[in-house]
Amino acid sequence: MNVNRRTFIKSSSILMGGLFLQGNEIFDLSENSANNIKELTNNIGIYNEKGGTIGWYVQDDTVILIDSQFPDTAKNFYKELKTKTDRKINYLFNTHHHGDHTLGNFYLKDFTENIVAQTNCPRLQVKQNKGKKTENQVVIANIVFDSELKFKLPKENLTAMYFGQAHTGGDIIIHFENNNIAHLGDLVFNNVYPYIDNNGECSVKNWILVLDKVLNYFDSDTKFIFGHADNTENVIGNKKDIENKKDYLDALYSYVSGQAAKGKTIEEIENSNTIPGFDNIKELWKGARKMNLKATAEQII
Ligand SMILES: [Zn+2]
């Protein structure tokens, strides 16, 4: 493994002044769900309570987590994890910087040897939480990488990869190759409108290209874990779900581009409140469709 390893996990809370964002709050307001831990294989599973889906890998030689939700739900999760293993967490991956995937780092840091993320993630984490009540809960990765990082574990080969700007400026995918299970973070909001975060460097146009790369990279047997879905069953899915999300983003981008070309303002596009062919998707939070239109228009106009 070729990484720049440092040992400041326990002291990497970052304090700064300022103000902004909305992404943490959206998912912080969502309902906590029960029956949270689920096994996909004997060693790999997921956890859903509040915020982005946590992925876990537990072997007698290695423990890996993907994403950490919030401090309170990370604590609930960790209690469940302890029933499976006494080992320390060797690697905690953050699929991207959003608070519902990274704020739980604050709780898990004491039980974790390394936090891994894409190079852009720590910077965006700091920016997102600046001046908010969560700013002293920011715990950033001690291992970062640009495009690919491979881990040869005793019983699994794992690849973390970055295909470019998409849902944010630093979305990574973690692939358990032997089990052919991939955690896609928020590259797919399955059956719901996605969160388009311009402050977090989202690019709808590039997101479409990234999903194309995902579809080319993985085979038809790959099982995918998604950050969010319309229910806890659908956080697990297949290539068809990725194609659907790509089709949605395609429709969103081409509708907004067309309206912009006609001279429509951002406000007019937002208030049209339609994405032809995709008006019946579930809103995970009220006004999600309008927010998608507004944020995409801001990227184009
Ligand atoms: Zn996100």
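The values are calculated or read from the model by the stated rules, or taken from the named source; none is laboratory data. Here the structure is a predicted model, which means the values were calculated and not measured. Cβ: placed from backbone, ideal geometry, glycine included. Neighbour counts: every protein chain shown.
Look through Phe106, Phe93 and report the one residue that is among the aromatic types (Phe, Trp, Tyr) and within 16 Å of the ligand (Cβ to nearest atom).
Phe93
Across segment 165-185, what is the total count of residues that are more than 11 Å from the ligand (Cβ to nearest atom) and outside any loop (DSSP other than H, G, I, E, B)?
The total comes to 8.
Would you call Leu92 buried (at least 21 other Cβ atoms within 10 Å of the Cβ), among the hydrophobic types (A, V, I, L, M, F, W, C) and more than 24 Å from Met161 (Cβ to Cβ)?
No; evaluated as a whole, the condition is false for this residue.
Looking at segment 274-283, can you tell me whether even one residue there is polar (S, T, N, Q) and either within 22 Å of Ala229 (Cβ to Cβ) or buried (at least 16 other Cβ atoms within 10 Å of the Cβ) (or both)?
Yes, the conditions are met somewhere in segment 274-283.
May I ask you to verify whether Lys82 is modelled with pLDDT under 50, farther than 23 Å from Gly169 by Cα, over 21 Å from the mean Cα position of the chain (by Cα) and surrounded by fewer than 18 Cβ atoms within 10 Å (Cβ to Cβ)? Give the derivation first.
Working: modelled with pLDDT under 50: no; farther than 23 Å from Gly169 by Cα: yes; over 21 Å from the mean Cα position of the chain (by Cα): yes; surrounded by fewer than 18 Cβ atoms within 10 Å (Cβ to Cβ): yes.
No; evaluated as a whole, the condition is false for this residue.
Across segment 192-213, what is the number of residues that are more than 16 Å from the ligand (Cβ to nearest atom) and either in contact (Cβ under 8 Å) with a residue 40 or more places away in the chain or in a strand (DSSP E or B) (or both)?
Residues flagged as more than 16 Å from the ligand (Cβ to nearest atom) and either in contact (Cβ under 8 Å) with a residue 40 or more places away in the chain or in a strand (DSSP E or B) (or both) within segment 192-213 amount to 4.
Condition (residue is more than 16 Å from the ligand (Cβ to nearest atom), polar (S, T, N, Q) and over 18 Å from the mean Cα position of the chain (by Cα)) applied to segment 117-124: is it met by at least one residue? Even if it seems obvious, please write down each step before you answer.
Within segment 117-124, the subset more than 16 Å from the ligand (Cβ to nearest atom) is 119.
Then drop every residue that is not polar (S, T, N, Q), which leaves 119.
Subset that is over 18 Å from the mean Cα position of the chain (by Cα): none.
The answer is no, given that none of the residues of segment 117-124 is more than 16 Å from the ligand (Cβ to nearest atom), polar (S, T, N, Q) and over 18 Å from the mean Cα position of the chain (by Cα).
Based on what the data block shows, is Gln59 surrounded by 24 or more Cβ atoms within 10 Å (Cβ to Cβ) and of a type in the set (S, T, N, Q)?
Taking the combined requirement at face value, the residue does not satisfy it.
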